[in-house]
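For reference, the structure is listed below as C-alpha cells.
The values are calculated or read from the model by the stated rules, or taken from the named source; none is laboratory data. Every value quoted in this text rests on a predicted model; they were computed, and no experiment measured them. No Cβ is skipped: glycine too gets one built from the backbone with ideal geometry, and neighbour counts run over all protein chains shown. Side chains included, ligands, DNA and RNA excluded: accessible areas come from the protein's heavy atoms. Shrake-Rupley method; radii C 1.70, N 1.55, O 1.52, S 1.80 Å.
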Amino acid sequence: MRLINDLRPQKRAGFLGIDLTSKEAKPSACLGLDNELKLIYHGLLNRDSDILQIVNRFQFDLIAIDAPLSLPKGLCCLEEGCSCQPISEAKGRNCERELARLGIPCYFTTKKSIIKAMVYRGIGLKTKLESEGYKVIEVYPYASKLRLFGKNIPKKTTPTGLAFLKQYICQLLPNITPDVDGFKHDMCDAAIAAYTAFLCSQGKTELCGEPEEGTICLPVLDRVT
C-alpha cells in the first residue's frame, strides 16, 4: 500500500477508482487522483473496512467502482433457490443489455452469474459509502478503454496488453507517469476507473441503463491519439 499524503483527514480530494474483487481474501486495486489529476494514493486493499478508511482519510468527491452495483428489477438476490424473478424476460440489467447493443461484451447480472460474490460485495460497499454521504458510480474500465482508446486493445493480462495500458494511461494522466511502471493490470483498471469519475465530474460521460435499476458511466470524449 502506498500513501502519498500524510495520514491526517483531507478536504474533498478528487476521485477514487476501485477494481473490486469478489472476496476480501484477494486485494482490490485502489487509486486516487486529486482534482488536478495528480496521484494521491494507490494501494492494494483487502477488506471493505480498509477501503472505507482510505475514503474517509481523503474524502473523495466521487468513487468509481468496477463491479455491478445493483440487481435487475424484480430480484432481491441472486440465489437460484429464491422465488424472486426479474421483471424483464431479457437477460441481465438494462445497462448491460445497452452495452451489448453497443458491441461491448460484459457479464450479465443473473442468478447464474459467475461473479455473484462480486455483485453482493459491490452492492454492500456502495451502500456503506452512500450511507456516509459519498457519491458512488458504477464503471466498467473495459468499456471506458474502448471509448478512450478504440477497439484494437490487446488483452490486459499479456505483456503487450499491459504495456499498451501503461502507455495510454500516461497520455491520459501524465502526472502519474513516474509511478506507472510498477502497475499491474488491476491498478491500470483502477486508474481508468478514477479517470472516468473525473470525466463524470466534467460532464464528459453518459449513462447506460436507467437510474431505477442501475447505470454504468461511460466516457464520451474523443479518443486519445
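Reducing the range 82-109 and the range 41-67 to their Cα centroids gives an inter-centroid distance of 28 Å. Just going by the charge dipole of the range 111-225, with Lys and Arg at +1 and Asp and Glu at -1 on Cβ, which of 129, 192, 119 is farthest out on the positive end? Working it through, the farthest residue towards the positive pole turns out to be 119. If the reach is capped at under 18 angstrom between alpha carbons, list the aspartates and glutamates near residue 73, excluding any in the same chain fewer than eight residues apart. List returned: 89, 96, 98, 138, 210, 212, 213.
A simple count of charges around residue 119, restricted to other residues whose Cβ falls under 13 Å of its Cβ and scoring Lys, Arg +1 and Asp, Glu -1, yields +3.
Counting other C-beta atoms within 10 Å, and keeping those with at most 15, which DSSP coil GluC sites (Glu not before Pro) do you find in the range 88-158? Hits after loop and neighbour filter: 89, 132.
Could you report the chain's accessible area per residue, 1.4 Å probe, as an integer in Å²?
Using a 1.4 Å probe on heavy atoms only, each residue of the chain averages 48 Å².
Calculate what fraction, in whole %, of the accessible area of the chain sits on carbon and sulfur atoms when a 1.4 Å probe is rolled over the protein chains. Write down the numbers at each step before the final one.
Numbers: 5580 of 10870 Å².
Answer for the chain: carbon and sulfur cover 51 percent of the accessible area.
Electrostatic tally near residue 175: other residues with Cβ closer than 12 Å to its Cβ, Lys and Arg +1, Asp and Glu -1, net -2. For a label point 7 angstrom out from the Cα of residue 91 toward its Cβ, which stretches of the range 108-150 have the backbone nitrogen within less than 17 Å? Flagged as within label range: 108-116. Each residue of the range 189-199 was assigned a 3J(HN,Hα) from its phi angle through the Karplus curve 6.51 cos²θ - 1.76 cosθ + 1.60 (θ = phi - 60°); the sequence is 5, 5, 5, 5, 4, 5, 5, 4, 4, 4, 4 Hz, with glycine and proline shown as x. Note on the range 161-225: Kirkwood radius taken over Cα pairs, Stokes-Einstein applied at 20 °C and 1.002 mPa s, translational D equal to 166 µm² s⁻¹. Under a Gaussian network description of the chain, with springs only between Cα atoms under 10 Å, the residue in 84, 208, 200 that fluctuates furthest is 84.
Taking all Cα-Cα distances within the range 28-159, those exceeding 23 Å account for 43%.
Distances between every pair of Cα atoms in the range 107-181, grouped in 5 Å steps from 0 to the bin holding the largest one, split as 3, 12, 15, 15, 16, 18, 15, 4, 0 percent.
Sparse packing (at most 11 other Cβ atoms within 10 Å of the Cβ) combined with a DSSP loop state is found for the following trypsin sites (Lys or Arg not before Pro) in the range 46-130: 112.
Among residues other than residue 156 whose Cβ falls under 10 Å from its Cβ, what is the net charge (Lys/Arg +1, Asp/Glu -1)?
On the way: positive: 145, 155, 184; negative: 186, 189.
Charge balance in the 10 Å sphere: +1.
Run the Debye formula on the Cα coordinates of the range 51-114, all scatterers equal and no solvent, and tell me log10 I(q)/I(0) at q = 0.13, 0.20, 0.22 1/Å. Log10 I(q)/I(0), no solvent term: -0.49, -0.82, -0.89. When you filter the GluC sites (Glu not before Pro) in the range 161-216 for DSSP loop state and at most 11 other Cβ atoms inside 10 Å of their Cβ, you are left with 212.
Taking the DSSP beta bridges with both ends in the chain, the antiparallel portion is around 70 percent. Computed on the Cα trace of the range 80-225, the radius of gyration divided by the Kirkwood hydrodynamic radius gives Rg/Rh = 0.98. Using a probe of 1.4 Å on the protein chains alone, the accessible area found for residue 164 is around 30 Å².
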